[in-house]
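In what follows, a single structure is set out as structure tokens and then discussed.
No value in this document is a laboratory result; all are computed from the given coordinates. None of these values were measured; they are calculated from a predicted model. Glycine also receives a Cβ, built like all others from the backbone with ideal geometry; neighbour counts cover every protein chain displayed.
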Amino acid sequence: MVTEQLINGLTIGIIYALIAVGYSLVFGILRLVNFSHGSVYAFGAHITLLFISMEFGIIPALVASMMLTGALGIAIDKLSLEPLRMKGSKPISALITTIGISYIIQNMLMIVFGSETKSFPRLFNYGSVSIFGVNVGSTQIAIFFISLILLVILTVIIHYTKIGLAMRGVEQNAKASYLMGINVNRVVTFTFFLGGVSASIAGTLVSGYYQMVSPGMGFMPGLKAFSAAVLGGIGILYGAVVGGLVVGVSETFAATYLGGSYRDAVAFVILILVLLVRPNGLFGKKGIKKV
Amino acid sequence: MHNLKLLSKEKRTHLYQQMDKHKRFIIPALMILLLALPYLLNSQYIMRIIIMICVYSILGMSLGLITGYAGQTSLGHAAFYAIGAYTSAIISVNYGISFFITAPIAAAVAALMGFLLGLPTLRLSGTYLAITTLGFAEVVRMIFLNWERVTNGPLGISRIPRPTFMGIELTIANNGMYYLVLALLLLTTLIMHFIVKSKFGRALTAIRDDEVAAVMMGVRITHYKIVAFVVGAFFAGLAGAFYAHLIRFIDPNTFTFDTSILILSIVILGGMGTIKGMFLGALLLISFPELLRFVQEYRFVMYGLILVLMMRFRPQGLLGGQQKTDYAFPKGMKVDRQ
């Protein structure tokens, strides 16, 4: 029973990690909580469903959704956030802008696709396997490993490629990187693209896991993934992964032992506690506020 | 082009100065108009909308103190609204106590919660604070959803008694609710006005404009921030209590993140750091979905667009950013004016 819950928790946790990475990447570079991320995730799931219903097959549908969702990420940055950066607006303006964008995307999804919950085909269905006497669904194994591979790919991009180097440079000091010849705006745009792509994959995996899609599906996972990112130390990639797993496991256990209705509260309690006790998260470095 | 802009701005300032000069006439005229409104309109449907505009004006002013004046972005203001509504509803349904006693209790409970939420501001600012308030509101909503013994869970509380004043039951039909909300609105506006003009209000503005400079000037910023949260929560609780007795049914779904964002949109649209902006913001955003019924489903898209466009083109809001009076320097001081 405990092991089973642990596996369920890890499955949902790794998906939170995948969403959390999107928050973490953007926060690391812009010091901005991208509130639109949850609705971008819902957008990704809807686009996959759209292409699946047009009989594209799952893999082409997912690829198309990744590209379109990535493009949506770029559009968000280019249309709304870049002008604010150019103007040198207050950070809170950008935060409120992303809330506005989240409203626009979520409600456009509602208008275009309908506000009801739609069924989504099961992605991987090869029965279940028994590992150490515990039944594990093949869906869960697939989700876990796909997410893990994606997280590894993201880490490789950030640590071993040229654009990754530029991203880390901008994260440390945008002005200095600009003087070193890095096109900061392009780095930010690329970050939004990566965030969109990972959100689309996470959205598709979750929809396949629960077999349903709805325009409001991004709100709760978005907030929980954000809690995960904060827990691990926002801006730090492996922190987001650990945070996601912790949130996923603890909410699954809370649902089992305290009752399903407390499931959603756990992430927020964790979030508030972390912010009060250790605002920089588990792995975060202590920031020095310059005057 | 530049000249034209300058001229229009001067003209605008001139208009405001004129309005200021005739304040003695404009304000009483508005009062009389507001008092006579039910007899002029004679429609329960419109009165209901106007009552909601008043409720949201109170909510806007209460959040305006926290976000507009003190500069602490709160994404969980619906929590205080909910706490006020639930407290008043639970007390009056279970013990049959009059609205005029339960409302202050509800506001006080909300204020206490505001104090609790204000505490993290000791450590947090900006984005982190915004997220904490959001988490707080979600936790509050989940408590209302799950604490079924007291709050009746997802079914909500129904048959909340109407307020009675001197033996008369106040309803929308006999305009009692309208005059009640008008009284609450007047009370809130006056108190907010005096707060903003006081030392407390100046301290809040200083914190908003530059926290470090405020500390250097000896402003006790944590103290003032917490008091701002307490006062803001108090009036949101009051609005919530009124709402519960107006609609006579509340459930956790009334007080979601959407409500918090609606209140925030009112503050931003009206103009952060203004009081009259809150009336304008509430008037526009509450009447808007009623006026444009045919775009009902685009309502939230519009809210989103308002947030995005305002931040992009006019972050200070419709009525914000008018510095009408120059700072009075001590006598004999020479200042170079450009």
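Give me a single rounded figure for B:297-308: the average over its residues of other chain Cβ atoms within 10 Å of their Cβ. It would help to have the intermediate numbers written out before the result.
Numbers: counts 4, 4, 2, 7, 9, 3, 5, 13, 4, 2, 10, 12.
The shielding value for this peptide is 6.
For segment B:92-164, the calculated P(r), taken from all Cα-Cα distances in 10 Å bins from zero up to the bin holding the longest distance, is 16, 35, 33, 14, 2 percent.
For chain B, the longest principal axis of the alpha carbon atoms and the long axis of helix B:126-146 meet at an angle near 10°.
Alpha carbon centre of segment B:228-287 versus segment B:110-179: separation in Å? Between the Cα centre of segment B:228-287 and that of segment B:110-179, the gap is 11 Å.
Note on residue B:314 and residue B:210: their simple-model spin labels are 2.8 nm apart, each label 7 Å out from Cα toward Cβ.
In what sequence, highest mean first, do A:7-16, A:205-214 appear when ranked by Cβ atoms within 10 angstrom? Show your work: numbers first, answer last.
Values: A:7-16: 23.5, A:205-214: 21.3.
Output ranking for A:7-16, A:205-214: A:7-16, A:205-214.
The residue A:5 and residue B:256 beta-carbon pair, evaluated with R₀ = 30 Å, returns a calculated FRET efficiency of approximately 0.55.
What is the packing order of peptides A:154-160, A:217-223, B:26-32, B:131-137, taking the mean over residues of other C-beta atoms within 10 Å and listing the highest first? Present the calculation step by step, with values, prior to reporting the outcome.
On the way: A:154-160: 14.7, A:217-223: 22.6, B:26-32: 10.9, B:131-137: 25.3.
Output ranking for A:154-160, A:217-223, B:26-32, B:131-137: B:131-137, A:217-223, A:154-160, B:26-32.
Sequentially through segment B:73-84, phi angles give Karplus couplings (6.51, -1.76, 1.60; θ = phi - 60°) of 5, 10, 9, x, 5, 4, 4, 5, 4, 5, 4, x Hz, Gly and Pro residues having no value and appearing as x.
Note on chain A: GNM, Cα springs under 10 Å; of A:244, A:137, A:196, the largest mean-square fluctuation is that of A:137. Along segment A:274-280 the Karplus relation, 6.51 cos²θ - 1.76 cosθ + 1.60 evaluated at θ = phi - 60°, assigns HN-Hα couplings of 4, 5, 6, 8, 8, x, 8 Hz to successive residues, with x for each Gly and Pro. Looking at chain A, which longest stretch skips every one of the trypsin sites (Lys or Arg not before Pro) that is in a DSSP loop with at most 15 other Cβ atoms within 10 Å, leaving the sites themselves out? The segment A:123-284 is the longest one with no such site. When Rg and the Kirkwood Rh are both derived from Cα coordinates, the Rg/Rh ratio for segment B:196-277 amounts to 1.07. For segment B:237-323, trypsin sites (Lys or Arg not before Pro) are listed when DSSP marks them as loop and at most 16 other Cβ atoms sit within 10 Å of their Cβ; the list is B:248.
Couplings 3J(HN,Hα) of segment A:257-264, computed from phi: 9, 9, x, x, 6, 8, 3, 6 Hz, in residue order, whole Hz [Karplus 6.51 cos²θ - 1.76 cosθ + 1.60, θ = phi - 60°; x for Gly and Pro].
Could you work out the helix-only [θ] at 222 nm for the protein assembly as shown, with each DSSP H run of four or more residues adding -39,500 (n - 2.57) and the total divided by the number of residues, to the nearest 500 deg cm²/dmol?
On the way: 26 runs with 445 residues, N = 629.
Computed mean residue ellipticity for the protein assembly as shown: -23500 deg cm²/dmol.
Nearest 0.05, what FRET efficiency do residue B:42 and residue A:63 give at R0 = 51 Å with Cβ-Cβ as r? The computed FRET efficiency comes out at 0.25.
Treating r as the C-beta distance of residue B:190 and residue B:101 and R0 as 25 Å, the FRET efficiency rounds to 0.70. The overall shape of segment B:169-312 is oblate: from the C-alpha gyration tensor, with semi-axes ordered a ≥ b ≥ c, the ratio a/c is 1.5 or greater and a/b is no larger than b/c.
Once you've got the Cα coordinates, tell me which of A:90/B:276; B:225/B:276; A:175/B:199; A:90/A:175 are over 29 Å apart. Numbers along the way, then the final one.
Values: A:90/B:276 23 Å; B:225/B:276 22 Å; A:175/B:199 39 Å; A:90/A:175 17 Å.
In this structure, A:175/B:199 exceed 29 Å between Cα atoms.
Taking amide H atoms as placed 1.01 Å from N in the peptide plane, the amide H of residue B:165 lies under 5 Å from those of B:170, each 5 or more residues away in sequence or on another chain.
Overall dimensions of segment A:200-291, expressed as equivalent-ellipsoid semi-axes from the Cα gyration tensor (√(5λ), whole Å, largest first), are 26, 17, 11. A simple spin-label model places the labels of residue A:185 and residue B:112 5.4 nm from each other, with each point 7 Å out along Cα-to-Cβ.
Semi-axes of the equivalent ellipsoid for the protein assembly as shown, computed as √(5λ) from the eigenvalues of its C-alpha gyration tensor and ordered from largest down, come to 43, 31, 23 Å.
What translational diffusion coefficient, to the nearest whole µm²/s, does segment A:36-103 have by Stokes-Einstein, given a Kirkwood radius computed over alpha-carbon pairs, a temperature of 20 °C and 1.002 mPa s viscosity? All intermediate terms of the calculation are to be shown ahead of the outcome.
Values: Rh = 13.0 Å.
Roughly 165 µm²/s, to the nearest whole number.
With the largest listed first and rounded to whole Å, the semi-axes of the equivalent ellipsoid of chain B from the Cα gyration tensor are 34, 25, 20.
Can you give the mean number of other chain Cβ atoms that lie within 10 Å of the Cβ atoms in peptide A:84-93? Before the final figure, lay out each step's value.
Numbers: counts 4, 0, 0, 4, 0, 3, 5, 3, 11, 6.
Partner-chain Cβ atoms within 10 Å, mean over residues of A:84-93: 4.
Starting from the coordinates of the alpha-carbon atoms of segment A:1-73, obtain the Kirkwood hydrodynamic radius over all distinct pairs and give the value in Å to one decimal.
On the way: mean 1/r = 0.0720 Å⁻¹.
About 13.9 Å, per the Kirkwood formula over Cα pairs.
Note on chain A: Cα-Cα pairs beyond 23 Å make up 54% of the total pair count.
For the listed peptides B:145-158, A:269-282, A:63-76, a ranking on the average number of other beta carbons within 10 Å per residue, highest first, reads A:63-76, A:269-282, B:145-158.
Give me a single rounded figure for B:135-144: the average over its residues of other chain Cβ atoms within 10 Å of their Cβ. Let's see the in-between values first.
Numbers: counts 13, 3, 1, 10, 8, 2, 3, 8, 2, 0.
That average works out to 5.
At q = 0.11, 0.12 Å⁻¹, what log₁₀ I(q)/I(0) does a Debye calculation on the Cα points of segment A:1-145 give, no solvent, two decimals? These q points yield log10 I(q)/I(0) values of -0.55, -0.64.
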